[in-house]
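J.: Quick one: the structure is below, questions incoming.
The values are calculated or read from the model by the stated rules, or taken from the named source; none is laboratory data. Being a predicted model, the structure only gives us computed values, none of them experimental. Ideal geometry is used to build each Cβ from the backbone, glycine not excepted, and the neighbour counts take in all protein chains shown. Note: areas computed on protein heavy atoms with side chains; ligands, DNA, RNA excluded. Shrake-Rupley method; radii C 1.70, N 1.55, O 1.52, S 1.80 Å.
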Amino acid sequence: MDFTGKTAIVTGGSRGIGRAICLELARGGANIVLCCAGDPAAAETTRAACEAAGGRALATRCDVADAAQVKALVDTAMQEFGRVDILVNNAGITRDSLLLTMKEADFDSVISTNLKGTFLCMKAVTRQMVKQRYGRIVNLSSVVGLRGNAGQVNYAASKAGVVGMTKSLAKELAGRNVTVNAVAPGFINTDMTAAIPEAAKSAALASIPAGRLGSAEEVSKAVAFLASDSAAYITGQVLAVDGGMAM
Ligand code: NAP
């Protein structure tokens, strides 16, 4: 896919699915602005890999739950590249436990990063995308937001909320050549799923018709398609990349 001359902001681009998305867009020639809230060394590794793949890339520190930091992220992209064509809201966290033992703080932090963070980033780029009469927003939801999952009331609420926000903003921006879609990964091999106990992993695996976990690269291909010119007439959709799990 050709992203020559396009600028993409990818949140949580330092590792996992976000890193694969950065690399996929960079291979297509996009300028990448990636961020994470924690490990700057991991962000730098992605940045260097994007430049090796052919794009220009910047790595910044930004907590997506903080409006001032999100504004600074978008300002950086504008100062460096003069436009923002693609926003991928990929940053996400889990704080799993059954409802009876779930701490209020764990509910709040998951909602702040996954749901409010997506809201803040969309809000920060929308004016520019409308002005450009061009934009592609791709939000990372999850199979858990579509089906629910024991132990993930907070995460499921955040990812179902992402679907609602995606469809609502798609309706607001469709007439301005700005599309808003979501990708809902199933069980993908990253740090996030590495933390899941083996018994829970085996149970999840049994519910995947494809019979295997997905890779970050497989998710990145779907994100890149929705971020491309080829997807100009697709908006408000949720594309499951899950080996058939959510059927
Ligand atoms: P991951 O390996 O844990 O990576 C998460 C990324 O988000 C990291 O770069 C992390 O960097 C960043 N991040 C976390 N909190 C942040 C914050 N407040 N501000 C900015 N960046 C932040 O996760 P992943 O598996 O690649 O998941 C990526 C996305 O796909 C998430 O939205 C996740 O919910 C979704 N998803 C994943 C799966 C799966 O099976 N892996 C399935 C469905 C959906 P720092 O920690 O350094 O900040």
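J.: Could you grab me the full set of residues in the range 30-44 that are open to solvent by 10 Å² or more (accessible area, probe 1.4 Å) and either touching a Phe, Trp or Tyr at 6+ places or on another chain (Cβ under 9 Å) or part of a loop (DSSP other than H, G, I, E, B) (or both)?
T.: Of everything in the range 30-44, those that are open to solvent by 10 Å² or more (accessible area, probe 1.4 Å) and either touching a Phe, Trp or Tyr at 6+ places or on another chain (Cβ under 9 Å) or part of a loop (DSSP other than H, G, I, E, B) (or both) turn out to be Asn31, Ala37, Gly38, Asp39.
J.: Continuing with this model, one more query. Would a scan of the range 8-15 turn up a residue that is part of a helix (DSSP H, G or I), within 15 Å of the ligand (Cβ to nearest atom) and out of contact with any His (no Cβ under 7 Å at 6 or more places or on another chain)? Explain how you work it out, then say what you get.
T.: Of the residues in the range 8-15, the ones part of a helix (DSSP H, G or I) are none.
Checking the range 8-15: not a single residue is part of a helix (DSSP H, G or I), within 15 Å of the ligand (Cβ to nearest atom) and out of contact with any His (no Cβ under 7 Å at 6 or more places or on another chain).
J.: May I ask you to verify whether Arg47 is part of a helix (DSSP H, G or I), more than 9 Å from the ligand (Cβ to nearest atom), out of contact with any Pro (no Cβ under 8 Å at 6 or more places or on another chain) and of a type in the set (Lys, Arg)?
T.: Numbers: part of a helix (DSSP H, G or I): yes; more than 9 Å from the ligand (Cβ to nearest atom): yes; out of contact with any Pro (no Cβ under 8 Å at 6 or more places or on another chain): yes; of a type in the set (Lys, Arg): yes.
Yes: the conditions hold for Arg47.
J.: Within the range 78-109, count every residue that is under 30 Å from Lys131 (Cβ atoms) and either touching a Ser or Thr at 6+ places or on another chain (Cβ under 6 Å) or not hydrophobic (A, V, I, L, M, F, W, C) (or both). Steps first, answer last, please.
T.: Our first condition is that a residue be under 30 Å from Lys131 (Cβ atoms); within the range 78-109, this holds for 78-92.
Then keep just the ones that are either touching a Ser or Thr at 6+ places or on another chain (Cβ under 6 Å) or not hydrophobic (A, V, I, L, M, F, W, C) (or both); that gives 79-85, 89-92.
Qualifying residue count for the region: 11.
J.: Now a separate question. I need the full set of residues from the range 95-121 which are of a type in the set (A, V, I, L, M, F, W, C) and within 14 Å of the ligand (Cβ to nearest atom), in order please. Spell out how you get there, then give the answer.
T.: First pass over the range 95-121, keeping only residues of a type in the set (A, V, I, L, M, F, W, C): 98-100, 102, 105, 107, 110-111, 115, 119-121.
Scanning the range 95-121 gives Val110, Ile111, Leu115, Phe119, Leu120, Cys121.
J.: Taking into account only those residues within the range 176-185 that are open to solvent by less than 20 Å² (accessible area, probe 1.4 Å) and either assigned to a helix (DSSP H, G or I) or touching a residue at least 60 places away in the same chain (Cβ under 8 Å) (or both), which is farthest from the ligand (Cβ to nearest atom)?
T.: Of the range 176-185, the ones open to solvent by less than 20 Å² (accessible area, probe 1.4 Å) are 178-185.
With the extra rule that they be either assigned to a helix (DSSP H, G or I) or touching a residue at least 60 places away in the same chain (Cβ under 8 Å) (or both), the set shrinks to 184-185.
Values: Ala184: 7, Pro185: 4 Å.
Applying the filter and picking the extreme gives Ala184.
J.: How many residues are modelled with pLDDT of 95 or more and either open to solvent by 20 Å² or more (accessible area, probe 1.4 Å) or touching an Asp or Glu at 6+ places or on another chain (Cβ under 7 Å) (or both) when one looks only at the range 54-85? So that I can check it myself, show each step before the final result.
T.: We begin by selecting, within the range 54-85, every residue modelled with pLDDT of 95 or more; these are 56-85.
Still in the list and also either open to solvent by 20 Å² or more (accessible area, probe 1.4 Å) or touching an Asp or Glu at 6+ places or on another chain (Cβ under 7 Å) (or both): 56-61, 63, 65-69, 71-72, 75-76, 78-83.
Counting residues in the range 54-85 that are modelled with pLDDT of 95 or more and either open to solvent by 20 Å² or more (accessible area, probe 1.4 Å) or touching an Asp or Glu at 6+ places or on another chain (Cβ under 7 Å) (or both) gives 22.
J.: Next up: State the number of residues belonging to the range 45-66 that are out of contact with any helix residue (DSSP H, G or I) (no Cβ under 7 Å at 6 or more places or on another chain) and not basic (Lys, Arg). Give the derivation first.
T.: Residues of the range 45-66 out of contact with any helix residue (DSSP H, G or I) (no Cβ under 7 Å at 6 or more places or on another chain): 45, 47-48, 51-52, 56, 66.
Restricting the remaining residues to those that are not basic (Lys, Arg) gives 45, 48, 51-52, 66.
Of the residues in the range 45-66, 5 are out of contact with any helix residue (DSSP H, G or I) (no Cβ under 7 Å at 6 or more places or on another chain) and not basic (Lys, Arg).
J.: Shifting gears a bit: Which residues, taken from the range 103-123, are open to solvent by 50 Å² or more (accessible area, probe 1.4 Å) and farther than 18 Å from Ala72 by Cα? Walk me through it before giving the result.
T.: Just the residues of the range 103-123 that are open to solvent by 50 Å² or more (accessible area, probe 1.4 Å), to begin with: 103-105, 107-108, 116, 119, 123.
Answer for the range 103-123, where residues must be open to solvent by 50 Å² or more (accessible area, probe 1.4 Å) and farther than 18 Å from Ala72 by Cα: Lys103, Glu104, Ala105, Phe107, Asp108.
J.: So if I check each of Arg27, Arg15, Arg47, which one is within 16 Å of the chain's Cα centre (by Cα) and open to solvent by 40 Å² or more (accessible area, probe 1.4 Å)? Outline the logic, then answer.
T.: Values: Arg27 fails: within 16 Å of the chain's Cα centre (by Cα); Arg47 fails: within 16 Å of the chain's Cα centre (by Cα).
Of the residues listed, the single one that is within 16 Å of the chain's Cα centre (by Cα) and open to solvent by 40 Å² or more (accessible area, probe 1.4 Å) is Arg15.
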